[in-house]
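Please treat every number below as a calculation from the coordinates, not as lab data. Nothing here was measured: the structure is a model prediction, and the numbers come from that model. Note: ideal-geometry Cβ built from the backbone for every residue, glycine included; neighbour counts use all protein chains shown.
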Amino acid sequence: MININEFTEQELSEYIESLGEKKFHAKQIYKWLHRVNVESFDEMTDISKSLREKLKINCYIDKLEIIEVQKSIDGTHKFLIKLHDNNAIETVFMKYHHGNTLCVSSQVGCKMGCSFCASTKDRFVRSLLASEIEGQVIIVQKYMNEKISNIVYMGIGEPLDNYDNVVKSIKQINNPNGLGIGARHISLSTSGIVPNIYKLADENIQATLSISLHAVTDEKRKEIMPIAKKYSIKELLDSCRYYIMKTGRRISFEYALINGINDTKEDAIALGKLLRGMISHVNLIPVNEIKERNYKKSLESNIESFMNTLNSMGVVTTVRRELGKDIDAACGQLRQKYLDKIDR
Ligand code: SAH
């Protein structure tokens with residue numbers, strides 16, 4: 001059986017033709033699947049019964065299922081979503097002044113092993129298909145009954161460790177016959193898989209790149225992010241410069257402030273020196289305290305002076321607004337709870 005959601009519109013039209021039908025039906029079917037989110041072929045009311053029967057025999061519609069929703073008083077909704085093989089992922093809906101934003105997962109579990117992150121505490125299971133990444137947007141948009149205008153690949157998983165499916169999902173999400181969300185409204189966050197940053201730069205997609213930097217020396221970064229043992233900060237920043245040159249897009253650097261680990265004035269100055277002159281933006285994230293680790297948020301006053309130091313050096317810096325504080329907001333927490341609950 002074929003997972004029909006995995007076809008691009010072009011592939012779908014070739015497939016419809018191979019069934020002895022007119023190609024133009026592809027556009028209708030694509031809309032039913034990627035915009036309306038039908039659950040059965042019989043809901044495709046403008047498609048002939050005979051074509052629907054052919055599709056039923058050969059294909060299935062890959063359904064995601066929402067199994068838990070946590071609502072925050074600030075409007076943030078965190079979804080636990082079940083995949084067809086019973087694996088679970090998380091997706092977070094957030095309300096920002098610039099529109100509704102969805103944070104999607106790209107893998108079940110994560111291989112990266114960052115010490116402060118809950119997503120990586122359990123073993124890596126598998127990468128998501130493009131249709132499972134895109135499906136998170138479709139299913140949550142339907143549930144909320146509100147348009148999602150921005151997408152961030154900042155949920156569970158390392159997007160650049162699932163390169164092909166992630167790039168395909170961005171193209172599917174862009175398709176005006178589907179969700180029609182432009183690449184400029186999509187951000188992809190990476191712990192820094194350098195060769196794939198070069199590859200992404202060459203794709204000619206106008207997505208925003210976010211880099212999880214979190215430390216200013218290789219030594220410190222290696223302590224909290226194992227990927228730093230593979231690529232130095234210099235190599236990482238060189239790939240970022242290439243990305244900026246190819247796409248003209250500003251890069252966003254994420255820096256989780258952990259009390260006593262990476263939040264001194266010297267750290268701020270060193271970060272300013274690293275990024276000065278680059279078309280960039282720094283996003284400071286007071287670290288989300290997770291039960292698996294002993295990390296504490298930096299003090300309010302340290303966060304502010306860290307930001308002020310960077311801004312005074314000409315490096316545009318903001319502190320990320322903490323949404324969903326009253327629910328399991330940090331990446332991977334909800335799935336972790338789910339795994340703790342079920343028999344394994
Ligand atoms: N693997 C990708 C995307 C997922 S994480 C990446 O590393 O970028 C999205 C962002 O949340 C990353 O910047 C990550 O470092 C950060 N993050 C993870 N756990 C966190 C925590 N406990 N507190 C604050 N930020 C965290």
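No solvent, one uniform scatterer per C-alpha: report log10 I(q)/I(0) for region 84-209 via the Debye equation at q = 0.15 1/Å, two decimals. The Cα Debye sum returns log10 ratios of -0.66.
Computed over the Cα atoms of the chain, what is the convex hull's projected area averaged over all directions, in nm²? Working shown, then result.
Working: hull surface 71.0 nm².
Hull-based average projected area comes out at 17.8 nm².
Remark: the THR318-SER305 segment gains 3.5 nm on full extension, using 0.36 nm per residue and subtracting the alpha carbon distance.
When both bridge partners sit in the chain, DSSP labels roughly 45% of those beta bridges antiparallel.
Relative to the longest principal axis of the Cα atoms of the chain, the long axis of helix 300-312 makes an angle of roughly 90 degrees. What does the net charge come to around ASN150 if you take all other residues with beta carbon closer than 12 Å to its beta carbon, with K and R at +1 and D and E at -1? So the environment of ASN150 carries a net charge of +3. The length gained on full extension between GLU43 and GLU235, counted as 0.36 nm times the residue separation minus their Cα-Cα distance, comes to 64.0 nm. Helix 265-275 against the longest principal axis of the chain: what's the angle in degrees, Cα atoms only, rounded to the nearest 10? The angle comes out near 50 degrees. If the chain linking TYR60 and LYS147 were pulled fully straight, counting 0.36 nm for each residue of separation and taking away their Cα-Cα distance, it would gain 28.7 nm.
In the elastic network of the chain, a GNM with C-alpha springs shorter than 10 Å, the most mobile of HIS281, HIS84, HIS97 is HIS97. Rounded to 0.05, the FRET efficiency of the GLU68 and LYS273 pair, given R0 = 51 Å and the Cβ-Cβ distance, is 0.70.
Against the chain, whose longest principal axis is taken from its Cα atoms, helix 130-144 shows a tilt of about 90°. The loop-placed trypsin sites (Lys or Arg not before Pro) in region 36-111, going by DSSP, that have at most 16 neighbouring Cβ atoms within 10 Å of their Cβ come out as LYS63, LYS111. For the pair region 5-70 / region 121-159, the C-alpha centres are spaced 20 Å from each other. The fraction of Cα-Cα pairs per 10 angstrom bin, counted from 0 for region 40-109, comes to 17, 31, 25, 22, 5 percent, rounded to whole percents. Remark: relative contact order (the chain) = 15 percent; criterion is Cα-Cα distance under 8 angstrom and separation of 6 or more residues. Globularity index of region 2-60 is 0.96 (Cα radius of gyration / 2.2 N^0.38 Å, N = number of residues). From the largest down, region 37-153 spans 54, 35, 21 angstrom on the principal axes of its Cα atoms.
Where in region 128-164 does the label zone of HIS98 land, with the point 7 angstrom along Cα→C-beta and an amide N cut-off under 14 Å? Answer for region 128-164: 149-153.
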